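Following: one structure in structure tokens, then a few remarks.
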């Protein structure tokens with residue numbers, strides 16, 4: 001039956017391979033080809049596994065196939081309280097399995113270097129409720145002052161009032177001069193696009209603020225803004241535009257040189273490779289100027305992206321990421337870059353303003369909790385904490401872990417808002433907040 005399913009997938013036009021199929025094929029290839037396995041072991045003597053709690057079974061099986069029984073030093077880092085990939089097959093047993101299979105020693109990391117004492121207290125309270133045997137984390141910033149209002153739950157009379165209240169709060173904080181828009185992250189459980197389109201963007205714009213929905217896909221590329229921002233090709237293009245337009249802010253030139261050097265091989269300050277790269281940038285800048293001056297009304301962002309990648313050398317750019325060796329993938333990323341540049345150019349007064357929009361300067365970030373892993377901000381707002389914002393069959397034990405991730409993103413403050421609607425299903429989450437003594441407050445501070 002299994003073989004028949006594989007044959008069916010591979011007989012399609014085009015052939016269909018899922019991620020798990022690729023992992024299984026990789027595991028099979030390594031299992032039956034000892035030279036390939038030896039090549040891995042000779043190359044990687046030390047392996048660091050981040051966010052290990054979200055490792056799926058196929059991923060773990062591949063890891064074990066390569067490094068099991070070897071002399072490689074493996075370090076797995078993670079936290080079962082931040083397990084958010086159960087839907088993909090991750091399990092809280094993965095660390096125990098790793099300890100058994102690799103003879104690993106457990107080391108508890110007991111310091112929080114991100115948050116102030118109040119946020120750490122909330123995190124510890126939630127951790128104990130989720131995992132009673134969890135260690136109490138110490139705050140490395142215990143002596144730092146805590147904001148007068150560092151946390152709270154705010155119930156608005158309507159969804160519209162919730163959006164307006166959020167926009168007024170962020171606007172007021174920025175006008176006070178101590179924070180900027182990038183110091184805020186608005187988190188939602190799911191469907192960030194709906195929140196953006198249903199009035200959140202408009203409410204912020206009324207206050208002169210720009211919302212950056214990191215979850216939204218750009219154009220027809222199928223790539224989200226957040227994913228596009230992590231693409232080395234997208235970074236190379238925007239850095240080059242900065243350099244070509246004389247915008248040297250935020251280390252544009254040295255960052256571009258450093259990024260491109262990864263595709264040109266190692267280079268010293270006075271090496272032939274360094275000289276060649278600088279020559280390439282000068283020629284590319286000249287071609288850029290000529291293109292912009294000659295385009296007039298027929299300007300095409302797709303054509304500009306193609307020009308930039310051609311001038312910088314597509315063969316070199318393919319080395320920035322392994323997946324760029326796939327022409328379809330490279331074209332998809334280029335399409336995403338062109339679509340986002342087009343979007344950012346609308347109404348932009350100059351190249352610097354376009355670049356700022358592209359890079360998210362002075363923008364309030366909106367994203368799902370799952371996409372916030374690894375990020376942090378001065379102030380976190382969990383927006384629309386009510387039943388209708390969650391999956392109708394949501395497992396509250398799993399949602400508690402997602403909730404924990406959201407709170408732990410905060411450096412100084414965390415707030416939870418909801419408009420009109422039932423919260424009955426979310427009672428366990430509100431109980432977590434009550435146990436942590438997060439107060440109900442009438443409005444944002």
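Odds and ends about this structure:
- For residue 134, the conditions (1) closer than 28 Å to residue 431 by Cβ; (2) at pLDDT 95 or above all hold with the exception of (2).
- Subset of segment 338-358 [closer than 16 Å to residue 216 by Cβ and surrounded by fewer than 19 Cβ atoms within 10 Å (Cβ to Cβ)]: 342, 343, 346
- Lone qualifier among 342, 315 - being modelled with pLDDT of 95 or more and farther than 29 Å from residue 139 by Cα: 342
- Residue check for residue 140: modelled with pLDDT under 95 and touching a strand residue (DSSP E or B) at 6+ places or on another chain (Cβ under 7 Å): no
- Criterion violated by residue 149 - all others in (1) farther than 22 Å from residue 359 by Cβ; (2) surrounded by 17 or more Cβ atoms within 10 Å (Cβ to Cβ); (3) in contact with a strand residue (DSSP E or B) (Cβ under 9 Å, 6 or more places away or on another chain) satisfied: (2)
- Count of residues meeting criterion [free of Cβ contacts under 8 Å to residues at least 24 places away in the same chain and either under 26 Å from the mean Cα position of the chain (by Cα) or not assigned by TED's automatic domain parsing to the domain that holds residue 198 (or both)] in segment 146-175: 0
- Listed conditions (1) surrounded by 17 or more Cβ atoms within 10 Å (Cβ to Cβ); (2) in contact with a helix residue (DSSP H, G or I) (Cβ under 6 Å, 6 or more places away or on another chain); (3) closer than 16 Å to residue 188 by Cβ are all met by residue 421, apart from (1).
- Residue, surrounded by the most Cβ atoms within 10 Å (Cβ to Cβ), within segment 366-395, restricted to residues that are farther than 16 Å from residue 429 by Cβ and more than 11 Å from the chain's Cα centre (by Cα): 366
- When residue 135 is tested against (1) within 22 Å of residue 437 (Cα to Cα); (2) out of contact with any strand residue (DSSP E or B) (no Cβ under 9 Å at 6 or more places or on another chain); (3) part of a helix (DSSP H, G or I), only condition (3) is not met.
- Some residue of segment 52-72 being more than 25 Å from residue 29 (Cβ to Cβ) and without any contact (Cβ under 8 Å) to a residue 60 or more places away in the chain: yes
- Residue tally, condition in a helix (DSSP H, G or I) and surrounded by 14 or more Cβ atoms within 10 Å (Cβ to Cβ), over segment 172-192: 6
- Enumeration of residues in segment 65-96 that are over 25 Å from residue 401 (Cβ atoms) and surrounded by 15 or more Cβ atoms within 10 Å (Cβ to Cβ): 65, 66, 67, 70, 72
Condition check ((1) under 24 Å from residue 136 (Cα atoms); (2) in contact with a strand residue (DSSP E or B) (Cβ under 9 Å, 6 or more places away or on another chain); (3) at pLDDT 95 or above) across all residues:
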residue	(1), (2), (3)
364	no, yes, yes
379	yes, yes, yes
394	no, no, no
439	yes, yes, yes
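- Leading residue by the ranking (modelled with the highest pLDDT) among those in segment 240-286 that are loosely packed, with under 15 Cβ neighbours inside 10 Å and part of a loop (DSSP other than H, G, I, E, B): 246
The values are calculated or read from the model by the stated rules, or taken from the named source; none is laboratory data. Please read these numbers as outputs of a predicted model, since none were measured by experiment. Every residue, glycine among them, receives a Cβ derived from its backbone with ideal geometry; neighbour counts consider all protein chains shown.
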